[in-house]
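Written below as structure tokens is the structure these notes are about.
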Amino acid sequence: MKRKSLSSFYVSLGFLFTAVVLKAVESAKGKYAHMLFNELFEDYSNALIPVEDTDKVLNVTLQITLSQIKDMDERNQILSLYLWIRQSWYDAYLKWDKDKYDGLDSIRIPSNLVWRPDIVLYNKADDDFSEPVNTNVVLRYDGKITWDAPAITKSSCVVDVSYFPFDSQQCNLTFGSWTYNGNQVDIINSLDSGDLSDFVEDVEWEIHGMPAVKNVITYGCCSEPYPDVTFTLILKRKSSFYIFNLLLPCILISFLAPLGFYLPADSGEKVSLGVTILLALTVFQLMVAEIMPPSENVPLIGKYYIATMTMITASTALTIIIMNLHHCGSEAKPVPQWARVVILDYMSKIFFVYDVGENCTSPKRGKEEEQRLEGDDGCQMRHKEVRSPLSNRNDDCNLKEKVNGNLNQSYGVHGKNVRETVSCCSCYKMLIKNIEYIANCVRDHKANRAKGIEWKKVAKVMDRFFMWIFFIMVFFMSVLIIGKAA
């Protein structure tokens, strides 16, 4: 037990001794840091560029790390990013011998105490012109200064929405010195692209790269060159949200438009369906217009909406014309001969359109047609049966009149039976005239009714024809927009 207690005592004593030594070292380093700071900044000025020879160029290394895409305002063409900006350069007046200060190789001091390059974002689109974040800089013994500062930037970005919502965007971030030219301060990009290792996944955009290019530009105002580093952010939109909320409803509504031709004309809802679909598409068009910038480039989905609305407008106009054909009554002109041949004979068979009131899926159509023909023959036979006795009686009356006339001329006798026979024959003649008048009226009525049925059949055939035409148009329009997206 004593040995265990002694061993634990020695271990505790060792830890205590280590802590005391580390604290003493830290205290010593803190002491040397204060001493170093006071000596470095005793005669230092952060107003002038820190080079011993003004003919020499100060190289500033720039590195951009993209952390997050905060917002992409397509309407105002502004891209908001959260960046980490790292700048490093050598200050000729902030060097020391680390052995003289107990091996102290770096210190961290506020950035406003040292000279900083005035590197700004050229295409900034923010109203706030505040100073950079006043974070600390890391100062090394050889004079190298590293300044890491977070920044939320708003830059202008030319947005091309021609293929929205399947579009890709390229936004430039151009960094350069605002007052120093290339003969004083030169900017060097440390990497060939922006750092994307710490990027937070965005819900709307995919990052396909951030290449960096150095440019040296001579502006019209000055003869000196001005270098800058341009980072091109390549974005690809995630289109799932817009497909399910804007494109898919439009496609489904578009496929409803041709069904208006299949709707029976007597329902009275054909025109109402077309107008309702047109209003629904107008709402979606307004939603897209609120998102997109007011430019001359019409987005792909906007073109699809316009084409669909034009198609629905045409279908509604054709529906009104076809309804007028459907409601042509007995007073209308007969169906022209070319329409009989083309529409009633050929197109009706192609589109499986039968007589009005018949069901194309009914297997009893042939039997019903035979019964109808038999019924017409029966009516004609009954009509003949009705007329034959009257005709016989009429012939009998004529024969009796002739016989009685001969008898009267021969004998000159006028009897009671003769007068009764003459009055009976006149009644039969009047009855025959009335029946013939009724038969003519029925025949005219059937002819007029057949004329109206023919116009209804013409309208039905045209409905089927335009229904398939518009179905094909909607299908090819949908395939076209999907192909454009691919």
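Taking 0.36 nm per residue of separation and subtracting the current Cα-Cα distance, fully stretching the chain between Phe241 and Val120 would add 40.0 nm. Between Lys95 and Thr310, the distance separating the two model label sites (each 7 Å from Cα on the Cα→Cβ line) works out to 7.3 nm. Near Tyr304, once Lys and Arg are set to +1 and Asp and Glu to -1 for all other residues with Cβ below 15 Å from its Cβ, the sum equals +1.
Backbone N atoms of the range 52-67 closer than 19 Å to the 7 Å Cα→Cβ label point of Ser223 belong to residues 55-56. Taking each residue as 0.36 nm, the span from Thr232 to Val275 lengthens on full extension beyond its C-alpha to C-alpha distance by 10.8 nm.
Mark the label point 7 Å from the Cα of Glu290 along Cα→Cβ and return the residues of the range 194-215 whose backbone N is within less than 20 Å of it. What the label zone holds, given the 20 Å backbone N cut-off, is 204. Please report the carbon-and-sulfur percent of the accessible area for the range 28-237; probe 1.4 Å, protein heavy atoms only, DNA, RNA and ligands left out. Carbon-and-sulfur percentage of accessible area, whole number: 48. Which distance in nm do the two modelled labels at Lys70 and Ser197 give, with both placed 7 Å along the Cα-to-Cβ direction? So the label points at Lys70 and Ser197 sit 2.5 nm apart. Round to the nearest 0.05 the FRET efficiency obtained for Ala317 and Ser106 when R0 = 60 Å and r is the Cβ-Cβ distance. About 0.15, to the nearest 0.05. In terms of the mean number of neighbouring beta-carbon atoms within 10 Å, the peptides 56-67, 92-103, 273-284 order highest first as 56-67, 273-284, 92-103.
A simple spin-label model places pseudo-atoms 7 Å from Cα toward Cβ; at His34 and Asp55 they are separated by 4.5 nm.
By the scheme Lys and Arg +1, Asp and Glu -1, what is the net charge of all other residues having a beta-carbon under 15 Å from that of Val341? If you can, show how the numbers build up before the last one.
Values: positive: Arg340, Lys349, Lys457; negative: Asp345, Glu454.
In short, +1.
Placing R0 at 35 angstrom, the Cβ-Cβ distance between Leu252 and Lys349 gives a FRET efficiency of 0.65 after rounding to 0.05.
The values are calculated or read from the model by the stated rules, or taken from the named source; none is laboratory data. Just so you know, these numbers come straight off a predicted model, no measurement behind them. Note that each Cβ is placed from the backbone with ideal geometry, even for glycine, and that neighbours are counted across all protein chains shown. Just so you know, the surface numbers come from the protein's heavy atoms only, side chains and all, with ligands and any DNA or RNA stripped out. Shrake-Rupley method; radii C 1.70, N 1.55, O 1.52, S 1.80 Å.
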